[in-house]
Amino acid sequence: MNTNKDEVLSDNAHDNNEQNQNEQANSTENTTEEASANGNNDIVEVNAAKIAELEAKVAEANDKYLRLYSEFDNFRKRSIKEKADIIKAGGEDVFKAVLPVIDDFERAMKAAENATDVAAVSEGVHLIYNKFKTTLKQKGLEEMEAAGKVFDADIMEAITSIPSPTEDMKGKVIDEVEKGYSLNGKVIRFAKVVIGA
């Protein structure tokens, strides 16, 4: 019987030993889990801080983008308005320069009503015409000479061709029906010409 008692005591001691080992293992696991949970909490807190920081940066970038877009839109609208104003007032300086010529024409017409000397009226009209051409030339308008020159399709428009009177006039301008004009070097009206064939 003593052997049975010793065996039972030995079994109990063995069971207690295992139980103590299990408790220690559980305790270690709990400590590890708690540490791990604390570590996870730290990671979550760090991630939350980073997310908040990134959200702030995104909000700041969006604000800068909206301000930049708004400034660009205002600039675009202002540029369109300025271009429209320039187009509206673009010819203002030309018209101001032409107004004195119109005044001269009005004076000439008034003087021509009672004039008996046709030569004087004709001379006055020629003076006004020359003044008008000079004014336009100062603003960049120039007439292009075409008569007697070789036909150039870049500045001339052939309306017809006729047999040339001489051999050297073939392919050249025989008659200029309508003068061509350029404004600051750009052709604004092609000369209408007759060329020799």
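Quote the relative contact order of the range 131-197 in percent (integer), defining contacts as alpha-carbon pairs under 8 Å separated by 6+ residues. Normalised by residue count, the contact order of the range 131-197 is 40 percent. With a threshold of 23 Å on the Cα-Cα distance, the over-threshold entries among Lys137/Lys179; Lys110/Lys179; Lys139/Lys179; Lys131/Lys192 are Lys110/Lys179; Lys131/Lys192.
In µm²/s, what is D for the range 43-139 at 37 °C and 0.692 mPa s, where D = kT/(6 pi eta Rh) by Stokes-Einstein and Rh is the Kirkwood radius from Cα pairs?
The calculation lands on 167 µm²/s.
For the range 89-194, the solvent-accessible area with a 1.4 angstrom probe is 70 square angstrom per residue.
Within the range 157-197, which residues have the backbone N less than 20 Å from the label spot 7 Å out from Gln138 along Cα→beta-carbon, could you tell me? Under 20 Å, as judged by backbone N against the label point of Gln138, lie 182-185 of the range 157-197. Seen from Val173, the other residues with C-beta closer than 13 Å to its C-beta sum to a net charge of -2, counting Lys and Arg as +1 and Asp and Glu as -1.
Karplus-based coupling profile of the range 127-134, in residue order and whole Hz: 4, 5, 4, 5, 5, 5, 4, 5, with θ = phi - 60° in 6.51 cos²θ - 1.76 cosθ + 1.60 and x standing for Gly or Pro. For the peptides 40-50, 132-142, residues were scored by their other Cβ atoms within 10 Å and the scores averaged per peptide; the highest-first order is 132-142, 40-50. Taking a ≥ b ≥ c as the square roots of the Cα gyration tensor eigenvalues, with a/c under 1.5 meaning rounded and otherwise prolate when a/b beats b/c, else oblate, which class fits the range 120-197? In terms of gyration-tensor shape, oblate.
Taking a ≥ b ≥ c as the square roots of the eigenvalues of the Cα gyration tensor, an a/c ratio of 1.5 or more together with a/b no larger than b/c marks the range 63-197 as oblate. Kindly state, to the nearest 0.05, the FRET efficiency for Glu92 paired with Val121, given R0 = 22 Å and r defined as their beta-carbon distance. With a Förster radius of 22 Å, E is 0.10. List the lysines whose Cα sits under 18 Å from the Cα of Lys57, skipping any in the same chain fewer than 8 residues away. Within the straight-line limit of under 18 Å, Lys57 reaches no lysines at all.
For the range 38-197, carbon and sulfur atoms together expose 59% of the accessible surface, with a 1.4 angstrom probe and every protein chain in place. If R0 is 45 Å, the Cβ-Cβ spacing of Ser164 and Val187 corresponds to a FRET efficiency of close to 0.95.
The values are calculated or read from the model by the stated rules, or taken from the named source; none is laboratory data. For clarity, every value in this text was computed on a predicted model and none was experimentally measured. Note: ideal-geometry Cβ built from the backbone for every residue, glycine included; neighbour counts use all protein chains shown. Quick note on the areas: whole protein, heavy atoms, side chains included, nothing else; ligands and nucleic acids left out. Shrake-Rupley method; radii C 1.70, N 1.55, O 1.52, S 1.80 Å.
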